[in-house]
Amino acid sequence: MQLPAEEYIEQAWLFTGLKSRLSTNEPVQLLLAHIRQEILATTKLPMAIDYMLAELNHSGSMSVAMRKMSHYFAPFQAWIMAQTEDDRGRMDMATAMSILEHEARYRAEITSPAALFLFQLEVLCRHRLSYDEGLAVMAGDPFYDEDWRGWLVAARRKIGFVDIADLIYVHSAFYKEDEDDNESSRDRVVLFGEKEGRIALANRRRDPLYLFAALQRQLKYPTVPSPPRADRQADLLPRLSRRLEQLEMRLKLLEEEQRESGIDLSRFLKQPGLTDETLPHSFPED
């Protein structure tokens, strides 16, 4: 079920507000309570925020609340939020808020399932998320009709073995025109337009990001937020400090090796009655 455009506009404002205020290091519950006062009261989002606040206080998870409100938040939105709450996940909260903001704004404008699919697929590619889980979540989105859901389930088994551009090309109107005489293509469901098929054909056996970039140039598809680059300057001094400590230990070992007595290995052996806390962890000063 597609929500009214005003709902998605307010959702985008919610995610924008959370992203911009994360740097304050305030609790998410407090940020949500503040943003709730800014949300348009004629929408259903304030009630959704109340439920999210209750779930946050109870279980400490926003994705659980979003998953339970499947009539309001799309499954893909709840899944993206769950990636930030997973300790083994690769996505931070700011990146997830940026993705959800872009997707909500796009849902308020799009009328084509193909456009939404390509946006969500680029999110999986660019942020190295699980294709299997992502496509399964996308198949549960009520925005897609029966043909789309069946194709998404089938694509889960083919992704990784079949090129993404090929998957798009063979289900496009451009492929149906080229293979009109082929009986096997007559029963093939058409999910993408002629231009999408032409661009996919031109990007076969290439990096999928080139395909998405071409779609954005030619068809004005929205761009997906890129993952932030690691700032190597931030931890430069700690890394240099650790490297100097390692060099100092090696020099001391070389100095001891030059002595007649050699290296005293007894310091590195655990003696009876000693605990890990009482073992020496550094070299004695000369």
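The values are calculated or read from the model by the stated rules, or taken from the named source; none is laboratory data. Computed from a predicted structure; not experimentally measured. Positions of Cβ are backbone-derived with ideal geometry, glycine not excepted, and every protein chain shown enters the neighbour counts. Areas reflect the complete protein model, heavy atoms only, side chains present, ligands, DNA and RNA absent. Shrake-Rupley method; radii C 1.70, N 1.55, O 1.52, S 1.80 Å.
Tell me the angle of helix 45-59 to the major Cα principal axis of the chain, expressed in degrees between 0 and 90 and rounded to the nearest ten.
Helix 45-59 sits roughly 30 degrees off the main axis of the chain.
Running a GNM on the chain with Cα contacts under 10 Å, which residue among P46, P142, P27 ends up with the highest mean-square fluctuation?
Greatest mean-square fluctuation among the candidates belongs to P27.
If I take the Cα coordinates of the stretch 24-100 and project them onto the principal axes, what are the three extents in Å, biggest first?
If we take the Cα atoms of the stretch 24-100, the spans are 37, 31, 25 Å.
Does the stretch 133-177 come out rounded, prolate or oblate by the C-alpha gyration tensor, with a ≥ b ≥ c the root eigenvalues, rounded set by a/c under 1.5 and, if not, prolate when a/b is larger than b/c and oblate if not?
On the way: a/c = 2.83, a/b = 1.31, b/c = 2.17.
Oblate, since a/c reaches 1.5 and b/c is not below a/b.
Would you work out the relative contact order for the chain, in percent, from Cα pairs under 8 angstrom that are 6 or more residues apart?
Values: 261 pairs, mean separation 42.4, N = 286.
With pairs under 8 Å counted, the relative contact order is 15 percent.
For the chain, take N as its residue count and report Rg(C-alpha) divided by 2.2 N^0.38 Å. Walk me through the intermediate numbers first.
Working: Rg = 27.0 Å, N = 286, 2.2 N^0.38 = 18.9 Å.
Rg over 2.2 N^0.38 Å, computed on Cα atoms: 1.43.
Set the Förster distance to 51 Å, then compute FRET efficiency between H34 and R188 from the Cβ-Cβ distance, nearest 0.05.
Details: r = 51 Å, r/R0 = 1.00.
Using R0 = 51 Å, I get an efficiency of 0.50.
Please work out the average accessible area per residue across the chain, using the 1.4 Å probe convention, and give it in Å².
On the way: 17080 Å² over 286 residues.
Here the per-residue accessible area is 60 Å².
Take the chain, connect every pair of alpha-carbon atoms lying under 10 Å apart with a spring to form a Gaussian network, then pick out the residue of V190, V162, V224 with the largest mean-square fluctuation.
With Cα springs under 10 Å in the chain, the top fluctuation among V190, V162, V224 is at V162.
Straight-line reach from K44: which lysines fall under 29 Å, measuring Cα to Cα and dropping same-chain residues less than 8 apart?
K19, K68
Over the chain, what percent of the accessible surface lies on carbon and sulfur atoms, probe 1.4 Å? Kindly include the intermediate steps, with their values, before the conclusion.
Working: 8880 of 17080 Å².
So the carbon and sulfur contribution to the accessible surface is 52 percent.
Would you kindly compute the Cα radius of gyration of the stretch 1-151 and its largest Cα-Cα separation (Dmax), both in Å?
14.8, 45
With all protein chains present and a 1.4 Å probe, how do H58, H34 order by accessible area, largest first? Don't skip to the end; give the middle numbers.
On the way: H58 150, H34 90 Å².
Ranked from most to least accessible, the order is H58, H34.
Once phi is turned into θ = phi - 60°, what whole-Hz ³J(HN,Hα) does the Karplus curve with 6.51, -1.76 and 1.60 give for every residue of the stretch 83-89, x standing for Gly and Pro?
Running phi through 6.51 cos²θ - 1.76 cosθ + 1.60 with θ = phi - 60° gives 5, 6, 8, 7, 4, 9, x Hz.
Given a Förster radius of 51 Å and the C-beta distance between M93 and E257 as r, what FRET efficiency does 1/(1 + (r/R0)^6) yield to the nearest 0.05?
Working: r = 50 Å, r/R0 = 0.99.
Efficiency, from the Cβ-Cβ distance: 0.50.
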